[in-house]
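The values are calculated or read from the model by the stated rules, or taken from the named source; none is laboratory data. Keep in mind that what you see is a predicted model, and the values were worked out from it rather than measured. Glycine gets a Cβ as well: all are built from the backbone with ideal geometry, and neighbour counts include every protein chain shown.
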Amino acid sequence: MKVRYRASAGIAVLALAVAACGGGGGEAKKPSAEQSQQAQEQMSQTPAISINPVPYEQVKDGGTLTLAVGQWPTQWNGNHVDGNQADTADMLDPIMPELMVADEGAQWTPNPNYVTDVKNDMSSGKQVITYTLNEKAQWSDGTPITYKDLQAQWKANSGKDKKFKPASTDGWDKIESVEKGDSDKVAVITFTKPYPEWQGLFTRATAWLFPAKHMESAKAYEEDYLQKIPVTAGPFKVESINEGTKTLTLVRDDKWWGQKAKLDKIIFRGIESPEAQVNAFANGEIDGVEIPSGAPAELKRAKEVPNVDIRKALSPNWRHITVNNQSTNLKDKVVRQAIAYGINRDVITQSDLKDMDWPLQTLGNHVFMNNHKGYVDNSGDLGKYNLEKAKQLLDQAGWKQEGEYRKKDGKDLELAFVIPTGTPVSQSEGELVQAMLKEAGVKVNIRPVPVDKFFTDYIIKGDFDLVPFSWIGTPLPIGSLSQIYKTGSESNFPKGSDPALDAAIQAAVDEMDPAKAIELANAADKLIWDMVHTIPLYQRPDIQATKKTLANWGARGYKTLDYTAIGFTG
């Protein structure tokens, strides 16, 4: 199964896949210089996008696109921390507004279906963004899309009213006001301080635009899209949501004012395991399937399907282990640093990516991917496996070896490695970490939990010591700093807190000069490594197996998909 989770500069994705268990974990298996060079070459040859681009007029009219999702949501409000899953994001894309769209090069332009003009003005001494909304743009209930929708969404996500539970307040908390311009179709947004990543507001990068009446109160924010989708505004609308079969069926919206969608229907089916998803693809039940990391058998099977197209692209997605900074045995940073030294990232990376036709390269940054111009390996010594250092730090923290495990005040140094049930890649990662940390005297208990409750009841509530999942990124990586690592953020799952890091994050997200912002983000990244908030593993594969005739869909990288142009060529 794959479970995916969305965040403002990244979507938190739990990739659940099949990975061979790698035995013991103590011995270092760092790639040789030759292997590292091969990985870099392989990465340089991987495209930024692979979607089989076909001009709109050459795509066949009609047809049904059927896709699989790993985790079935309960919360369809993409702003809400519980609705911040990437599977949910994939299903919202065809039906909810994004005011700006990105291309494969991460360049933003206004989405003409919703916005006819955008101005970014600094002449008053404050940053003022003016959106002129499309006169034809309306919600599926017939209500016009106006400045009031942007205003309500800002207020809900700003963080000022603690009754709301947004996935991220980044950007929203810098807005001073959202006011009516020359008409209800003009929204004037004034910022208290400049916000360089403003293009990500009202998009998948933060959250699609939602109707004001469903955002204006905390009760509506929490309940109106709970197990239902009452209002949409896209080329498709909801025909049905079947909770029993975990199926969302979308059909063309005849009230859509933009370019007519090529497809008649899109069906999303909840299918938990990668094996079952690939079987469904092989049997012709679905038209495209993601092949997650740690699933070489599924990749091999998919390649054998007649008329298959394997589409691979570099994307801002990365696998990691989150370390609970507030759990009893991990509150001490010295202990967390010992855990980091005791985990061999190279071994886990090689285990997860073996036979995946993907670069075997660990990730040394929490913000920028290996192929990003801002990438610097900031991991330092903490990113290198060092068993003796781990033991020294644990001794220093008062955890003394007594028999098989270390003890302090009569208690074992014991950690829960929480994974969702039926997730072999997570199981494999847990067993590797268990073997590695045992050599340092740390007892790791692998704790499977229900997959549909994994984020809502365990990660979000902080009920774990160590937990593996993936963040799925966007073209605006610096925004992830506030969301994932800043004190008090709903998406700061390990509840890490460091005033110096908060200040470094603020400096990075406030900086308007792109080169300086990258420099400041890397400075913040070094502090994140030091606090051991999250242990990066690798840039996650974006591999999609599709029918060869499927056009304008696949491994998207940074690009916003155009659902009106997706369809079949034969």
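Tabulated results
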item: Selection within the range 318-342 - closer than 30 Å to Asp103 by Cα and out of contact with any helix residue (DSSP H, G or I) (no Cβ under 9 Å at 6 or more places or on another chain); result: Trp318, His320
item: Candidate set from the range 244-261 (those that are part of a loop (DSSP other than H, G, I, E, B) and closer than 15 Å to Ala68 by Cα); member that is nearest to the chain's Cα centre (by Cα); result: Lys246
item: Cross-chain or 6+ apart pairs with Cβ under 6 Å, the range 114-125 first and within 14 Å of Gly181 (Cβ to Cβ), then hydroxyl-bearing (Ser, Thr, Tyr) and at pLDDT 95 or above; result: Val115/Tyr131; Thr116/Thr132; Asp117/Thr132; Val118/Tyr131; Lys119/Thr130
item: Sole exception among (1) over 30 Å from Asp357 (Cβ atoms); (2) assigned by TED's automatic domain parsing to the domain that holds Ala137 for Lys228, by number; result: (2)
item: Residue within the range 337-347 that is in a helix (DSSP H, G or I), within 30 Å of Pro514 (Cβ to Cβ), within 23 Å of the chain's Cα centre (by Cα) and modelled with pLDDT of 95 or more present; result: yes
item: Residue, nearest to Val347 (Cα to Cα), within the range 507-543, restricted to residues that are free of Cβ contacts under 8 Å to residues at least 24 places away in the same chain and in a helix (DSSP H, G or I); result: Ala523
item: The listed residue being under 30 Å from Phe455 (Cα atoms) and in a loop (DSSP other than H, G, I, E, B), out of Lys160, Lys126, Lys155; result: Lys160
item: Residues (out of contact with any Leu (no Cβ under 7 Å at 6 or more places or on another chain) and either aliphatic (A, V, I, L, M) or surrounded by fewer than 19 Cβ atoms within 10 Å (Cβ to Cβ) (or both)) located in the range 97-109; result: Met100, Val101, Ala102, Asp103, Gly105, Ala106, Gln107, Thr109
item: All strands (runs of 3 or more DSSP E) inside the range 369-438 with 3 or more residues being in contact with a Leu (Cβ under 7 Å, 6 or more places away or on another chain) and within 26 Å of Phe455 (Cβ to Cβ); result: 414-420
item: Search result, residues across the range 133-174 that are of a type in the set (Val, Ile, Thr), more than 21 Å from Tyr485 (Cβ to Cβ) and either surrounded by 22 or more Cβ atoms within 10 Å (Cβ to Cβ) or without any contact (Cβ under 8 Å) to a residue 40 or more places away in the chain (or both); result: Ile145
item: Selection count, the range 431-459, where residues are under 16 Å from Lys407 (Cβ atoms) and of a type in the set (Phe, Trp, Tyr); result: 0
item: Residue within the range 469-483 that is farther than 30 Å from Leu520 by Cβ, in contact (Cβ under 8 Å) with a residue 12 or more places away in the chain, of a type outside the set (Asp, Glu) and part of a loop (DSSP other than H, G, I, E, B) present; result: no
item: Some residue of the range 492-502 being basic (Lys, Arg), in the same structural domain as Asp352 (by TED's automatic domain parsing) and modelled with pLDDT of 95 or more; result: yes
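Residues checked against (1) in contact with a helix residue (DSSP H, G or I) (Cβ under 9 Å, 6 or more places away or on another chain); (2) surrounded by 15 or more Cβ atoms within 10 Å (Cβ to Cβ); (3) among the hydroxyl-bearing types (Ser, Thr, Tyr); (4) free of Cβ contacts under 8 Å to residues at least 12 places away in the same chain:
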site: Gln37; (1), (2), (3), (4): no, no, no, yes
site: Val54; (1), (2), (3), (4): no, yes, no, no
site: Leu67; (1), (2), (3), (4): yes, yes, no, no
site: Trp76; (1), (2), (3), (4): yes, yes, no, no
site: His80; (1), (2), (3), (4): yes, yes, no, no
